[in-house]
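Scroll down for the structure; my scribbles are underneath it.
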Amino acid sequence: MEQLIVIKIGGNIIDDEAKLSSFLKTFASVEGKKVLVHGGGKLATRLSAQLDIPQQMVEGRRITDAETLKVVTMVYAGFVNKNIVAQLQAAGTNAIGICGADGNAILAHKRRGAAIDYGFVGDVDAINTDLFQTLLNQDINIVVAPITHDAQGQLLNTNADTIAQEIAKGLSQAFDVSLVYSFEKSGVLRNAEDDSTVINEINPVSYQQLKAEGAIFAGMIPKLDNAFAALNSGVQKVIIGKAEELGQLIKGQAGTTIRAEA
């Protein structure tokens, strides 16, 4: 099968113009079919403050009330998404920017049953794989903003990590998919404060050993659990590492590579 790379870029890179520009030039230079899923960064928080819209954060997650939903939609699916697309065009790679409502790309439902009401936050139900395949087969890179819809006219703010994982899983029937989570750390670290302690490769056996030893800090465990869920659903490999090292991450020369088998 043809190779496809699904890459999630973190908000900390979105907030840094120089780092974002460098990342997108590297992304544009990567050969083959690609999907880029982006987070939001801090612009939505700054704009909300300017508009006097109070922001509530619980355990680092944004409570998305009706007014906040307007802001995050404008920022994520508007400025951030189109800024990335424009920079990719400037770098010579054709791209289209979408959110989950466009072309019925990502169907979701309002989160229910949680102890905290996060407001208009969505959990993914389905990926329109036909749409993604049609665009990819025309050699168009797809840039996805973390806004979905519920098919009833309601937009929903949805976690970008989850969107990247669901797209990778959905397209794994048609492509040989690698999923890359690029963020500020150099990979999965034995010491969260020391970037030189990268664990180069993790498989199910070594993951259980590392957890038993307490060698993986708690904040990374949900990401790794999600990585193995993706691998168990057909994704070939998951790579976690520093956004500035994207080229090396894809080649397996940096970061942490997670595989389904030892």
Values of log10 I(q)/I(0), in the order q = 0.07, 0.08, 0.10, 0.15 Å⁻¹, for the chain under a Debye, Cα-only, solvent-free model: -0.23, -0.30, -0.48, -1.13
Cross-chain or 8 or more residues apart, Cα under 21 Å: how many lysine pairs in segment 1-92 fit that? Count them up, please. 17
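Tell me, in nm to one decimal, what length is gained between residue 52 and residue 191 on full extension, where the rule is 0.36 nm per residue of separation less the Cα-Cα distance? Let's see the in-between values first.
Numbers: separation 139, 0.36 × 139 = 50.04 nm, distance 3.96 nm.
Net length gain for the segment: 46.1 nm.
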Table column - 3J(HN,Hα) (Hz), segment 73-83, Karplus curve with 6.51, -1.76, 1.60, x for Gly and Pro: 5, 4, 7, 6, 7, x, 4, 4, 4, 6, 5
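Exposure proxy check: 149, 109, 38 ranked by fewest other beta carbons within 10 Å? Walk me through the intermediate numbers first.
Details: 149 20, 109 15, 38 26.
Arranged by neighbour count, lowest to highest, 149, 109, 38 become 109, 149, 38.
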Starting from the Cα gyration tensor of segment 2-44, take the square roots of the eigenvalues, sort them a ≥ b ≥ c, and report rounded, prolate or oblate (rounded when a/c is under 1.5, otherwise prolate if a/b is larger than b/c, else oblate). oblate
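Calculate the tail of P(r) for segment 89-198: the fraction of all Cα-Cα distances greater than 18 Å, expressed in %.
On the way: 3498 of 5995 pairs.
For segment 89-198, the share of Cα pairs beyond 18 Å comes to 58 percent.
Can I get the semi-axes of segment 1-90's equivalent ellipsoid? Compute them from the C-alpha gyration tensor as square roots of 5 times the eigenvalues, in angstrom, largest first.
Working: eigenvalues 160, 39, 25 Å².
In descending order the semi-axes read 28, 14, 11 Å.
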Using packing as a proxy for protection, rank 16-23, 175-182, 48-55 so that the peptide with the highest average count of other Cβ atoms within 10 Å comes first. 175-182, 16-23, 48-55
Across the Cα atoms of segment 159-210, what radius of gyration and what greatest pairwise Cα-Cα distance (Dmax) are found, in Å? 13.7, 39
Candidates 41, 214, 119; GNM for the chain (alpha-carbon contacts under 10 Å) flags as most fluctuating 214
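Return the equivalent ellipsoid semi-axes of segment 166-242 as a descending list in whole Å, where each equals the square root of 5 times an eigenvalue of the C-alpha gyration tensor. If you can, show how the numbers build up before the last one.
Details: eigenvalues 108, 38, 17 Å².
Equivalent-ellipsoid dimensions as semi-axes: 23, 14, 9 Å.
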Per residue of the chain, what 222 nm ellipticity follows from adding -39500 (n - 2.57) for every DSSP H run with n ≥ 4, rounded to the nearest 500? -9500 deg cm²/dmol
Normalised by the residues of the chain, what does the relative contact order come to in percent, with Cα pairs under 8 Å and at least six apart? 22
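Bear in mind these aren't lab numbers, they're just calculated from the coordinates by the rules spelled out. Please read these numbers as outputs of a predicted model, since none were measured by experiment. Cβ atoms come from the backbone with ideal geometry, glycine included; neighbour counts cover every protein chain shown.
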